[in-house]
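Have a look at the structure below, then the notes.
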Amino acid sequence: MLPGWASAAPRPTPDAKADITRFIAAMPKAEYHVHLEGTLEAEMKFALAARNGLKLPFADVAAMKRSYIYHDLPSFLAIYYDGMKVLLTEQDFYDLAYAYLAKAASQTVLYTEMFFDPQEHLKRGVPMAAVIGGITRARVDAERALGIQSQLILCFVRDSSAESAMAALDAALPLKQYLVGVGLDSDEKGNPPEKFAAHFAKARAAGLKVTAHCDVDQDDTLAHLRTAIVDLKVDRIDHGGNILQSPELVALAKQRNLYFTVCPTFSGTLRTSTPPVDVLRGMIDAGLNVTVSSDDPAYMGSEYLNTVLVRAQTRSALTRAELIGLERNAFNAAWLPANRKAAYLAKLDAFARAWS
Ligand SMILES: [Zn+2]
């Protein structure tokens, strides 16, 4: 368990807890901040390694999971990038994406926009067509078999070179009909959003949406938020909790009707504020458009969206109306035509009526 989960909220009775758990499980949901490579469970790593003739430096799944010890973003990323080396073929990417989509569908996630990090795969000689092809085939099959709809966001690995990010974008653009947007992830320290201004401009010109991680309590975080919002005019912000430290940026984000994808498992608390601030509670109270996502669940105790929301409900003392509000934001934030968003919102409204 990560630090920061200790709750200041009153402890619910067991009955109330079971009730809210059922409520969250049944609620129609969407998530936009989930890294596909961060859903690569240890069991699947062993299966893919065996299929690809790779030897892993762990005796078994339990030993691998015991190695998932990190204390900050760089130590997390070292484990994350090492883990994805088993992904080599189109079928590997299919299996990865299908497993996540099946898990999400089983948790009443109706719609998701998923991140992937192609630079890491191109580095290992995996063609872009195998990466996007496998994920796309899984999306189609999962929608047909399970009803879950999804889209795909190509992330630039910001601590790699701008050139390698541009090469990845150029390799992906011939397949742009399988993408909905581009994003920016990995280690933000020393890698400001403006490093990718040309990439974002090229992606936009190709008809893609733009989002960017602004990690909580990162160096120069307010400057990065300002650049992302004011100069790069991103369509969405991933994390972004430090905006609470700038009333001016909060006003701007509201004026622009920006949506934020908050992942309380990893970035739930602003520790640079005194006293520390609960990100989700603070952003809701500030009137920002917040959504909740699971980030890298395979590395965060295999806690997918329902568990993340149950914990968030306790920790941030969320009411049922606020939980529904989070999902209303999520469906409104979808990079989908208005009629598809309206259909999801109608399902959420029906749920709210049924549970009122
Ligand atoms: Zn992330």
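The values are calculated or read from the model by the stated rules, or taken from the named source; none is laboratory data. Just so it is clear, the model here is predicted, and its values are computed rather than measured. Every residue, glycine among them, receives a Cβ derived from its backbone with ideal geometry; neighbour counts consider all protein chains shown. Calculation scope for accessible area: heavy atoms of the full protein, side chains included, ligands and nucleic acids excluded. Shrake-Rupley method; radii C 1.70, N 1.55, O 1.52, S 1.80 Å.
Residue 253: net charge of surrounding residues, Cβ under 13 Å, Lys/Arg +1, Asp/Glu -1, itself excluded?
Values: positive: 226, 233, 236, 254, 256; negative: 235, 248.
Its environment carries a net charge of +3.
Run the numbers for residue 319 and residue 58: contour at 0.36 nm per residue of separation, minus the present Cα-Cα distance, in nm.
89.7 nm
What is the chain by shape, rounded, prolate or oblate, if you read a ≥ b ≥ c off the alpha carbon gyration tensor as root eigenvalues and call it rounded for a/c under 1.5, prolate for a/b larger than b/c, and oblate otherwise?
Rounded, because the longest to shortest axis ratio a/c is under 1.5.
Can you give the accessible area per residue of region 17-355, in Å², using a 1.4 Å probe?
Ligands and nucleic acids excluded, the result is 37 Å² per residue.
Of the accessible area of region 171-224, with the probe set at 1.4 angstrom, what percent is carbon plus sulfur?
With neighbouring chains kept in place, the figure for region 171-224 is 55 percent.
Using mean Cβ contacts within 10 Å as the protection proxy, how do 53-60, 173-180 order, highest first?
By packing density, highest mean first, the sequence is 173-180, 53-60.
For a quick check of understanding: with a 1.4 angstrom probe and all protein chains in place, what accessible area in square angstrom does residue 230 have, to the nearest ten?
50
Can you put 328, 315, 22 in order of accessible area, largest first, using a 1.4 Å probe?
22, 328, 315
What are the ³J(HN,Hα) values, in whole Hz, obtained from phi via the Karplus relation 6.51 cos²θ - 1.76 cosθ + 1.60 with θ = phi - 60°, for each residue of region 251-267 in sequence order, with x given for Gly and Pro?
Result, ordered by residue: 4, 5, 4, 5, 4, 8, 6, 6, 10, 10, 9, 9, 10, x, 4, 9, 9 Hz.
When the Karplus curve 6.51 cos²θ - 1.76 cosθ + 1.60 is applied with θ = phi - 60°, which whole-Hz ³J(HN,Hα) does each residue of region 169-186 get, with x for Gly and Pro?
Values, residue by residue: 4, 4, 5, 8, 4, x, 10, 4, 5, 9, 10, 10, x, 10, x, 9, 9, 6 Hz.
Tell me which residues come under 5 Å, amide H to amide H, from residue 113 once H is placed; ignore anything under 5 positions away on its chain.
31, 32, 151
Please work out the Cα center distance from region 171-233 to region 128-152, rounded to the nearest Å.
Between the Cα centre of region 171-233 and that of region 128-152, the gap is 23 Å.
Treating only the Cβ of Lys, Arg, Asp and Glu as charged (+1, +1, -1, -1), what charge dipole size does region 17-355 show about its Cα centre? Round to the nearest 20 debye. Intermediate values should be presented prior to the final figure.
Values: 37 positive and 39 negative charges, 187 e Å.
It works out to roughly 900 debye.
Using r as the Cβ-Cβ distance of residue 251 and residue 220, and R0 as 22 Å, what FRET efficiency do you calculate, to the nearest 0.05?
0.60
Whole-Hz Karplus ³J(HN,Hα) for region 34-48, in order, using 6.51 cos²θ - 1.76 cosθ + 1.60 and θ = phi - 60°, x for Gly and Pro?
9, 8, 3, 5, x, 9, 6, 6, 4, 4, 5, 4, 5, 5, 5
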